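> Dumping the structure here so I can ask a few things about it.
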Amino acid sequence: MPWIKIAATTQLQEDEAMPINVGDAQLALFRSGGAFHVTDNVCTHQYALLTDGYVEDGCVECPLHQARFDLRTGEARGAPATQPIRVYPVRIEGTDVFVDA
Ligand code: FES
């Protein structure tokens, strides 16, 4: 897939998130741990949007049952979620954020 420009780096401060729609996909852009990350926005446990969750130290905590996901790998770090969220390659060019989704 081609790289798609999804945001400007100035749109997010550290430990903030915003929803991104790419085609039919509900993705999430995070800025945390000194980097930008793009993941699926829907939790793998039940239906909740991770952009409504708490972001800290490169992880997001789901707003519904507080499962934590590593934004670098997508790994589920805490119950009740056991399945990882999908992560997507991110590229920064100047102040533009691109995703390969
Ligand atoms: S919906 Fe995310 S932890 Fe339950």
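The values are calculated or read from the model by the stated rules, or taken from the named source; none is laboratory data. Keep in mind it's a predicted model, so treat the numbers as computed, not measured. Reconstructed Cβ throughout: ideal geometry from the backbone, glycine too, with neighbour counts over all protein chains shown. Quick note on the areas: whole protein, heavy atoms, side chains included, nothing else; ligands and nucleic acids left out. Shrake-Rupley method; radii C 1.70, N 1.55, O 1.52, S 1.80 Å.
> Of the residues that make up the range 61-71, is at least one touching a residue at least 40 places away in the same chain (Cβ under 8 Å) and not hydroxyl-bearing (Ser, Thr, Tyr)? Before you say what the answer is, go through the steps one by one.
Of all residues in the range 61-71, those touching a residue at least 40 places away in the same chain (Cβ under 8 Å) come to 71.
Add one more test, that the residue is not hydroxyl-bearing (Ser, Thr, Tyr), and what stays is 71.
Among the residues of the range 61-71, at least one is touching a residue at least 40 places away in the same chain (Cβ under 8 Å) and not hydroxyl-bearing (Ser, Thr, Tyr), which makes the answer yes.
> Further question on the same structure: Being within 15 Å of the ligand (Cβ to nearest atom) and open to solvent by less than 80 Å² (accessible area, probe 1.4 Å), is that true of even one residue in the range 10-19?
Just the residues of the range 10-19 that are within 15 Å of the ligand (Cβ to nearest atom), to begin with: 17.
Now restrict to residues that are open to solvent by less than 80 Å² (accessible area, probe 1.4 Å): 17.
Yes.
> Taking the condition open to solvent by 10 Å² or more (accessible area, probe 1.4 Å) and under 16 Å from ASP15 (Cα atoms), does GLY33 pass? Before you say what the answer is, go through the steps one by one.
Working: open to solvent by 10 Å² or more (accessible area, probe 1.4 Å): yes; under 16 Å from ASP15 (Cα atoms): yes.
So GLY33 fits the description; yes.
> Being in contact with a Ser or Thr (Cβ under 8 Å, 6 or more places away or on another chain) and open to solvent by 30 Å² or more (accessible area, probe 1.4 Å) is the filter here; which residues of the range 46-87 pass it?
GLU56, ASP57, THR82, GLN83, PRO84, ARG86, VAL87
> If you check ALA7, ALA101, which single one turns out to be modelled with pLDDT under 95 and either crowded, with 17+ Cβ neighbours inside 10 Å or of a type in the set (Asp, Glu) (or both)? I'd like the intermediate steps shown before the answer.
Numbers: ALA7 fails: modelled with pLDDT under 95.
Going through ALA7, ALA101 in turn, the sole match is ALA101.
> Scan the range 75-88 and give yes if some residue there is free of Cβ contacts under 8 Å to residues at least 60 places away in the same chain and either of a type in the set (Ser, Thr, Tyr) or touching a helix residue (DSSP H, G or I) at 6+ places or on another chain (Cβ under 6 Å) (or both), otherwise no. Talk me through it step by step, then tell me what you get.
Restricting attention to the range 75-88, the residues satisfying the condition of being free of Cβ contacts under 8 Å to residues at least 60 places away in the same chain are 75-87.
From what is left, the residues that are either of a type in the set (Ser, Thr, Tyr) or touching a helix residue (DSSP H, G or I) at 6+ places or on another chain (Cβ under 6 Å) (or both) are 82.
Yes.
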